Amino acid sequence: MDLRQLVIRAHVPGKPGGGGTNPPTGATLSITRAEWDSENESLRLEGRCSDYAATLRADFSGRMEAVTNNMGRFRNVFNNVAKDPGTVTVTASNGATATSAVTAN
């Protein structure tokens with residue numbers, strides 16, 4: 001074998017030919033529970049993300065909060081939420097987003 005013909009190619013998932021951080025094809029994000037507890041002034045947020053490595057962020061009531069992505073599932077409680085946010089949006093680092101109405105308890 002002629003070593004001049006040996007080609008080594010690096011492949012980065014999500015982008016043909018290597019390099020980059022394109023979202024995984026078909027990445028999905030969903031909010032399965034968004035509940036505001038008026039007595040405790042807290043927001044409970046649960047859902048799923050098909051990209052286990054994605055960094056997640058929740059936006060509600062003018063706040064941006066980190067969301068823990070635990071192997072494609074997230075379950076967080078945010079405190080000091082004095083008013084019903086109405087809606088919450090979760091954004092993933094891969095570009096996926098989900099928005100849900102908040103249920104008041």
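Along Cα→Cβ, 7 Å out, is where each label goes; now give me the distance between the ones at S30 and T103 in nm to one decimal.
1.5 nm
Which ³J(HN,Hα) values, rounded to whole Hz and listed in residue order, are derived for the stretch 89-102 from phi using the Karplus coefficients 6.51, -1.76 and 1.60 in 6.51 cos²θ - 1.76 cosθ + 1.60 with θ = phi - 60°, glycine and proline given as x?
10, 10, 10, 9, 4, 8, x, 6, 9, 9, 10, 9, 6, 9
Give the long-range amide H neighbours of D51: residues separated by 5 or more places, or on another chain, with amide H under 5 Å away, using H modelled in the peptide plane at 1.01 Å from N.
Residues meeting the criterion, in which the H sits 1.01 Å from N, are T28.
When the convex hull of the Cα atoms of the stretch 27-104 is projected onto a plane and the area is averaged over all directions, what value comes out in nm²?
Across all orientations, the stretch 27-104 yields a mean hull projection of 4.2 nm².
Since every read-out is calculated from the coordinates, none of them should be taken as a lab result. It should be emphasised that the depicted structure is a prediction, and the values quoted were computed from it without experimental measurement. A quick note on method: Cβ atoms are made from the backbone with ideal geometry, for glycine too, and the neighbour counts reach across all protein chains shown.
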